[in-house]
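Step one of this worksheet: look at the structure below.
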Amino acid sequence: MKKKRLEIKDKLIISIDVSKKNDVISLCKRINNKVTTLKLGLEVIYSTDFSIIETVKSFGYKILLDLKLLDIPNTVTGAINSIYKLNIDMVTIHVLGGKEMLSVARDKLQELSERNKELPPLMFGVTILTSLGSVDLRGMGFKDGYLSTVLNLAGVAIDSGIEGIICSPNEVRAIREKFGNNFYIATPGIRLKRDSAGDQKRINTPGNAVLNGSDFIIAGRSITGKDNIEENIEIYLNEISKALKSNESYKSN
Ligand code: C5P
């Protein structure tokens, strides 16, 4: 897959995790189009309704719809018919649903988009939630800890033909070393040095995520939980930009 060239403001995706339509609107205004894409997930969608997508788009944002789909292939494909009509730019699905579920969901999105002569939304497979550590995984029967579990799931996602995966910033380098660069990686679990981890366990800074090879930084509370959102976004964009420059000078040496 050929990846698009991304601007720095495309690389930072801000996660909107609030329950009132007015709070969503207020964040759309306070973010002031300093980034291209906002992520809407379970909290926003279940507390409002799908029309919130049009509201957010009316401010000029692209949408990552974080639905984390997980079901049998037939059910997920059925849902894709309706998700396609929402006109979103990216959507998430759990890799744990298996290769067939991922492939049929992705093929359905592709088929619907081609029929309308549009580019399909990018499909991102969630490997292991960034709120889980090795102890959690062992407790659930994953004997190998998170790194090899994430690597196995990344392999399944890439084989299925979906465009990207989601993992913590700390696994990106190993994934790039094993599977290369022809797919997108988006990383939540992002914190600045000053932030507390909260419920996230596998965290790192935006700069380190980009240095490791992440294409998209997904950040929520570290940006939206502070008073001066625009100033926070600037800090993020600067870190991302520095890391990109340092990756480029590494490549040219
Ligand atoms: O506030 P914070 O930056 O921790 O928010 C991270 C966002 O990314 C949340 O909306 C969460 O649902 C989402 N996410 C995640 N881990 C994943 C996939 C998505 O934290 N593996």
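The values are calculated or read from the model by the stated rules, or taken from the named source; none is laboratory data. This one's a predicted model, so the numbers in the text were calculated from it and none came from an experiment. Note that each Cβ is placed from the backbone with ideal geometry, even for glycine, and that neighbours are counted across all protein chains shown. To get the accessible areas, we keep the full protein, side chains included, count just its heavy atoms, and leave off ligands, DNA and RNA. Shrake-Rupley method; radii C 1.70, N 1.55, O 1.52, S 1.80 Å.
Are there trypsin sites (Lys or Arg not before Pro) in region 169-253 that DSSP marks as loop and that have at most 15 other Cβ atoms within 10 Å, and which are they?
Working: sites: R173, R176, K178, R191, K193, R194, K201, R202, R221, K226, K242, K245, K251; in loops: R191, K193, R194, K201, R202, K226.
Taking region 169-253 and a limit of 15 other Cβ atoms within 10 Å, the loop trypsin sites (Lys or Arg not before Pro) found are K193, R194, K226.
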Notebook entry, point to check: Per residue, how much space in cubic angstrom lies within the convex hull of the C-alpha atoms of region 108-247?
Noted result: 137 Å³
Check: Hey, in the GNM for the chain with a 10 angstrom Cα cutoff, which one of D136, D89, D107 fluctuates hardest?
Finding: D136
Notebook entry, point to check: Any idea how far apart N33 and E177 come out in nm if each label point goes 7 Å out from Cα toward Cβ?
Noted result: 4.3 nm
Item checked: Cβ charges +1 (Lys, Arg) and -1 (Asp, Glu), total dipole of region 8-252, debye -> 440 debye
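Pairs to check: K3/K85; K39/K85; K4/K193; K117/K242; K4/K226. Give those whose C-alpha atoms are more than 27 Å from each other in this structure.
Details: K3/K85 24 Å; K39/K85 17 Å; K4/K193 30 Å; K117/K242 37 Å; K4/K226 31 Å.
Those over the limit are K4/K193; K117/K242; K4/K226.
Carbon and sulfur atoms: what percent of the 1.4 Å accessible area of the chain do they account for?
Details: 6170 of 12350 Å².
On the chain, the fraction of accessible area on carbon and sulfur atoms equals 50 percent.
Express the accessible area of region 149-253 per residue in Å², computed with a 1.4 Å probe while the remaining protein chains stay in the model.
Numbers: 4720 Å² over 105 residues.
Per-residue value: 45 Å².
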Notebook entry, point to check: Hull surface divided by four, with the convex hull built on the Cα atoms of region 1-42: how many nm²?
Noted result: 3.8 nm²
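Provide the gained length on full extension for the span N74 to I8, in nm with one decimal, where the gain is 0.36 nm per separating residue minus the Cα-Cα distance.
Values: separation 66, 0.36 × 66 = 23.76 nm, distance 3.76 nm.
Net length gain for the segment: 20.0 nm.
Mind checking region 1-110 for GluC sites (Glu not before Pro) that DSSP puts in a loop (not H, G, I, E or B) and that have at most 14 other Cβ atoms within 10 Å?
Numbers: sites: E7, E43, E54, E100; in loops: E7.
Passing both the DSSP loop test and the Cβ count: E7.
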Margin query: Of the candidates G141, G189, G180, which one comes out as most mobile in a Gaussian network treatment of the chain with C-alpha springs shorter than 10 Å?
Written below: G141
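Using r as the Cβ-Cβ distance of A197 and S113, and R0 as 45 Å, what FRET efficiency do you calculate, to the nearest 0.05? Don't jump to the answer; show the numbers that get you there.
Working: r = 38 Å, r/R0 = 0.84.
So the FRET efficiency works out to roughly 0.75.
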Next item on the list: Kyte-Doolittle cut-off -1.0, length cut-off 30 Å along the helix's own axis using Cα: show which whole DSSP H helices in the chain pass.
Entry: 229-252
Item checked: Where trypsin sites (Lys or Arg not before Pro) fall in DSSP loop in region 69-131, at most 14 other Cβ within 10 Å -> K85, K117
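Apply 1/(1 + (r/R0)^6) to the Cβ-Cβ distance of N22 and D227, taking R0 = 30 Å, and write down the FRET efficiency to the nearest 0.05. Intermediate results must be reported in sequence, preceding the final value.
On the way: r = 18 Å, r/R0 = 0.60.
After rounding to 0.05, the efficiency reads 0.95.
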Next item on the list: Normalise the Cα radius of gyration of the chain by 2.2 N^0.38 Å (N = residues in it) and let me know the number.
Entry: 0.97
Check: So which residue, out of L12, L112, L38, gets the largest mean-square fluctuation from a GNM of the chain using Cα contacts under 10 Å as springs?
Finding: L112
